[in-house]
Amino acid sequence: MLPDLTPITDTLVWIVMGGFVAGIAVDRRDRPSARSVTALAWAGFALFWLLMVPFFVFEHRSIVEAVLAAVAVPACGYVAYRLHGGRDSLLILSRAVGVMGLIYLPFGAIPLFHDTLIEIVANQTHAGLQLLGSTPAFETDEAGLRNTFAFTLDSGREYSTRIVFACTGIGSMAIFGGLIAAVRAPIERRLAALVVAVSTIWVLNIGRNVFIAYSIGHQLFDQAALAGPVMWLFGVEDPIRVSFFVADRILSQGLAVVALLAIAWVVVKVLPELYVIVEDLVYLVTGEEYDLARGRGR
């Protein structure tokens, strides 16, 4: 069995986000020091994602998240290298990451925020299931949160699924909140971009939760052709869980990446100032400078 790295990663992410926030503060007075502080934060972020890879592979059993975490390790290290080398424009991306942390971490750490968000999402997911004619029992979990859907399958077996913090979409909303807050632009356009991003993510996330819960409760992917490969790929023994892994780990997480890219495209159209961050990301991947706002290399 792998050791539980959660205490380490939970502490490390607070330290890393503190480093990004410190970099924002220092940048107001001392640009060279801000580069150094923020580069260290990016190096710590690389270590965080490295430690998260085993969790996504063996415990969460998410191919998409495992791949993204693995890619994030060298990506964060490279940002640290380029930033320390003097690419000051990466401080804008760094500022975005710091704001993301300020949005996301309180929802994960403060019970009032954490529990309220879960129950709001659970209630709306339950309403969505009812619209589809699905009527699972809506129950509380062992922590007292009303977030659990108890289905009676056609076989007569009882099976429950629940809304947890990862199902709330707050991570994706924090990403766009951080990006929008990081650039300098008129408040009206920043608010418009934020409304577009948050509202779209919220609606799509509720739809995703409804799809996953409905797929489990009605065993949409209970197919002999799927059972063997999915159970082998994700290391599960109960065939009833096949519908969950197909609906969540394969379809929903794969489509979520596409959806976030589409939302990013729309948000950049509303807030063109974000092109500076996109251009930095393209540079990090290709090594070439592009003026994407004008559609040409430079």
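What follows is calculated from the coordinates using simple rules that are stated; it is not laboratory data. This structure is a prediction, so every number in the text was calculated from the model and none was measured. Virtual Cβ from ideal backbone geometry, glycine too; neighbours counted across all protein chains shown.
General remarks:
- Its DSSP H runs of at least 4 residues, each contributing -39,500 (n - 2.57), put the calculated 222 nm mean residue ellipticity of the chain at -22500 deg cm²/dmol, to the nearest 500.
- Binned Cα-Cα distance frequencies in region 95-297 - 10 Å width, integer %: 8, 28, 30, 20, 12, 2, 0
- Charge dipole (the chain, unit charges on Cβ, about Cα centre) - positive-most of Gly98, Leu51, Ala109: Gly98
- Note on the chain: with a GNM built from Cα contacts shorter than 10 Å, the maximum mean-square fluctuation among Ala72, Ala192, Ala247 falls on Ala192.
- What the pair-distance distribution of region 1-88 shows, using all Cα-Cα distances binned every 10 Å from zero, is 19, 42, 27, 11, 1 percent.
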